[in-house]
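One structure is given here, and the rest of the page talks about it.
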Amino acid sequence: MNFELTGNLIVKEDTVEISQSFKKREFVIEVANEKNSDWNDFIKFQATQDRCNLLEGINLGDKVKVNFNIKGRKWEKEGKTNYFNNLEAWRIQKVENETAHNNSMPDYNTDDVPLPEPPDDDLPF
């Protein structure tokens, strides 16, 4: 399954080598709740293998879009079965700050600008 979330990067762990053939890097984004910031979500992801490098060039506080898959595993030990889930990031992109685009255009207050008078000529179209 393929999913996508956008939020601010708040935790960026170092890459950890679990074994000679497996490494992972965990990170957390804060997803804003538009109605109440007390209810923001804090979502932990992991990037594995060569995808650990996806976080290079991304800094804490940056707004990012994360594409990910949900992985579920079964683990048995001493006759007891446990299940756990991972959010496996496979793409991480910086998101341009929307206000930066808005600030590039001058802010005009059209209420203070008088409209031009229509021309007096009676053109046939």
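The values are calculated or read from the model by the stated rules, or taken from the named source; none is laboratory data. None of these values were measured; they are calculated from a predicted model. Note that each Cβ is placed from the backbone with ideal geometry, even for glycine, and that neighbours are counted across all protein chains shown.
Data overview
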read-out	value
Residues within segment 28-65 that are in contact with a helix residue (DSSP H, G or I) (Cβ under 6 Å, 6 or more places away or on another chain) and hydrophobic (A, V, I, L, M, F, W, C), tallied	1
Matching entry among Asn67, Asn59 (being modelled with pLDDT of 95 or more and assigned to a loop (DSSP other than H, G, I, E, B))	Asn59
Test: residue in segment 72-89 that is among the aromatic types (Phe, Trp, Tyr), under 28 Å from Phe3 (Cβ atoms), modelled with pLDDT of 95 or more and under 14 Å from the mean Cα position of the chain (by Cα)	no
Residues of segment 1-25 satisfying the condition of being in a strand (DSSP E or B) and in contact with a Cys (Cβ under 8 Å, 6 or more places away or on another chain)	Lys23, Lys24, Arg25
Residue within segment 30-43 that is of a type in the set (Ser, Thr, Tyr) and either on the phi > 0 side of the Ramachandran plot or at pLDDT below 95 (or both) present	yes
Residues located in segment 57-67, provided they are more than 23 Å from Phe84 (Cβ to Cβ) and surrounded by 12 or more Cβ atoms within 10 Å (Cβ to Cβ)	Ile58, Asp62, Lys63, Val64, Lys65
Set Ala32, Ala47: member being over 19 Å from Asn86 (Cβ atoms) and in contact (Cβ under 8 Å) with a residue 24 or more places away in the chain	Ala32
Hits in segment 26-56 - residues which are part of a loop (DSSP other than H, G, I, E, B) and surrounded by 10 or more Cβ atoms within 10 Å (Cβ to Cβ)	Ala32, Asn33, Asn40
Selection status of Lys44, touching a Ser or Thr at 6+ places or on another chain (Cβ under 6 Å) and closer than 18 Å to Arg91 by Cβ	no
